1. Between T45, T107, T84, which is more than 15 Å from T170 (Cα to Cα) and not aliphatic (A, V, I, L, M)?
2. Is segment 74-89 home to any residue that is surrounded by 13 or more Cβ atoms within 10 Å (Cβ to Cβ), of a type outside the set (A, V, I, L, M, F, W, C) and touching a Ser or Thr at 6+ places or on another chain (Cβ under 9 Å)?
3. Find the strands (runs of 3 or more DSSP E) located wholly in segment 105-192 whose residues include 2 or more that are touching a residue at least 60 places away in the same chain (Cβ under 8 Å), crowded, with 16+ Cβ neighbours inside 10 Å and in contact with a helix residue (DSSP H, G or I) (Cβ under 7 Å, 6 or more places away or on another chain), and list them.
4. Check L22 against each of (1) at pLDDT below 90; (2) surrounded by 15 or more Cβ atoms within 10 Å (Cβ to Cβ); (3) under 22 Å from Y134 (Cα atoms) and name the one condition it does not meet.
5. Can you go through L155, L141, L114 and tell me which one is within 20 Å of V77 (Cα to Cα) and at pLDDT below 90?
6. Is it true that some residue in segment 63-74 is without any contact (Cβ under 8 Å) to a residue 60 or more places away in the chain and under 20 Å from M176 (Cα atoms)?
7. What's the number of the only condition in (1) farther than 28 Å from I187 by Cα; (2) surrounded by fewer than 18 Cβ atoms within 10 Å (Cβ to Cβ); (3) at pLDDT 85 or above; (4) in contact with a Lys or Arg (Cβ under 7 Å, 6 or more places away or on another chain) that A60 fails to meet?
8. Just give me the residues in segment 63-88 being of a type in the set (G, A, S) and either assigned to a loop (DSSP other than H, G, I, E, B) or modelled with pLDDT of 90 or more (or both), in sequence order.
Amino acid sequence: MNKWKVAFFALLALIVVSFGSLYVKATAPTNVSTELKAPTTKAPTLDVTMNRAQVNALSANYLNRFLKNSRIKYRFVVGAKYATVIGTTKVLGAKVQFAMNFVPEKTDAGNILLRAKGLTVGRLNLPLKFVLAYVKKNYDLPKWVSINQKKQTILLDLNRYSQHQSVRYTAQKLNMQAGKFVFRITIPKGDK
């Protein structure tokens, strides 16, 4: 057999194995942290009702501080139907815009589960599992945000967010269509 044919098939096999390995690693399950339960206390609580604009302002404020020195910039926007993460990143040296739509749900523990419904990168529609695995591995995410690419969800664990703070936060109601969001703030009892 011609040595060029052997070299061609060896290179082809190397490429196939490389892409196969990349696919297996990108779609492999990862350790998903368990959701913390809201503490049960007799502490005073306060329910805060927010509209869509207030939730967007709150998320923008948090993300501006969190992403201050990050190379990847994104924002979280709550619309009438979806909560959307919009941002830009560099792919092969070119700036590319991405947008991922989620349907938020309140969990029994008072956290927020975002179910991925669609993703665009530039004008491409990419598989959600692959992109969520990429985001989980390459993005600097807060410890209270966990991604499960297999279930195509992102958990915003408000109980873990407020775990080391004196004030606790839990989601009580998420009504996307009405633009009404209710959060409970639990205030610790002061020492007497």
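1. Only one candidate qualifies: T84.
2. The answer is yes; a qualifying residue exists.
3. Result: 168-175.
4. For L22, the failing item is (2).
5. L141
6. No: zero hits.
7. (1)
8. Within segment 63-88, S70, G79, A80, A83 meet the criteria.
The values are calculated or read from the model by the stated rules, or taken from the named source; none is laboratory data. Everything numeric here is computed off the predicted structure, so don't read it as measured data. Cβ coordinates were reconstructed from backbone atoms using ideal geometry, including for glycine residues, and neighbour counts include every protein chain displayed.
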